[in-house]
Amino acid sequence: METLVFVTQLIDPDDPHVVPLDDVVLGLAPVDRDEALAMLGRLRGARLLDGVRGGPPVDRDAAAAVVVAVGRLAFERRDIAAIDINPLIAGPDGAVAVDALVVVGAS
């Protein structure tokens, strides 16, 4: 019997106005910068990243860098069952993971 294991990446804006819209994008990890940027662009709420009500746009490169780094970590460390960053705050000057949970062990 053969077992296939896929590491996936999920982008899910954890915002009370977005989550009910089922705004989720999946990618097969690891992803590169271009794929991470494309994933961000495929969000239904992607235009919110361009700035809201005259506000500055989100640094998409910084947000994409987090997606790339998390995917790489999950791919390279097969003992990691899950990584949850909530929230990831992305603004015009970068992105910061305010809280994160890494689950190690069988998934």
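Residues of region 50-99 that are exposed (fewer than 13 other Cβ atoms within 10 Å of the Cβ), under 12 Å from the mean Cα position of the chain (by Cα) and in a strand (DSSP E or B): Ile89 alone.
Looking at Leu10, Leu40, just one residue is at pLDDT below 85 and under 14 Å from the mean Cα position of the chain (by Cα), and that residue is Leu10.
Every residue, every condition in (1) of a type in the set (D, E, K, R); (2) closer than 14 Å to Leu88 by Cβ, yes or no:
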{"position": "Asp23", "(1), (2)": "yes, no"}
{"position": "Leu28", "(1), (2)": "no, no"}
{"position": "Val31", "(1), (2)": "no, no"}
{"position": "Leu37", "(1), (2)": "no, no"}
{"position": "Gly51", "(1), (2)": "no, no"}
{"position": "Ala63", "(1), (2)": "no, yes"}
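Sort through Val52, Val24, Val66 and tell me the only one that's hydrophobic (A, V, I, L, M, F, W, C) and at pLDDT 85 or above. Outline the logic, then answer.
Working: Val52 fails: at pLDDT 85 or above; Val24 fails: at pLDDT 85 or above.
Matching residue, one of Val52, Val24, Val66: Val66.
Selection of first residues in region 44-72 that are free of Cβ contacts under 8 Å to residues at least 40 places away in the same chain and of second residues that are among the basic types (Lys, Arg) and surrounded by fewer than 17 Cβ atoms within 10 Å (Cβ to Cβ), restricted to Cβ pairs under 9 Å at least 6 apart or on distinct chains, gives the following pairs, ordered by first then second residue: Asp61/Arg33; Ala64/Arg33; Ala65/Arg33; Val68/Arg33.
The values are calculated or read from the model by the stated rules, or taken from the named source; none is laboratory data. Nothing here was measured: the structure is a model prediction, and the numbers come from that model. Neighbour counts are summed over all protein chains in view; Cβ atoms, including those assigned to glycine, are modelled from backbone coordinates with ideal geometry.
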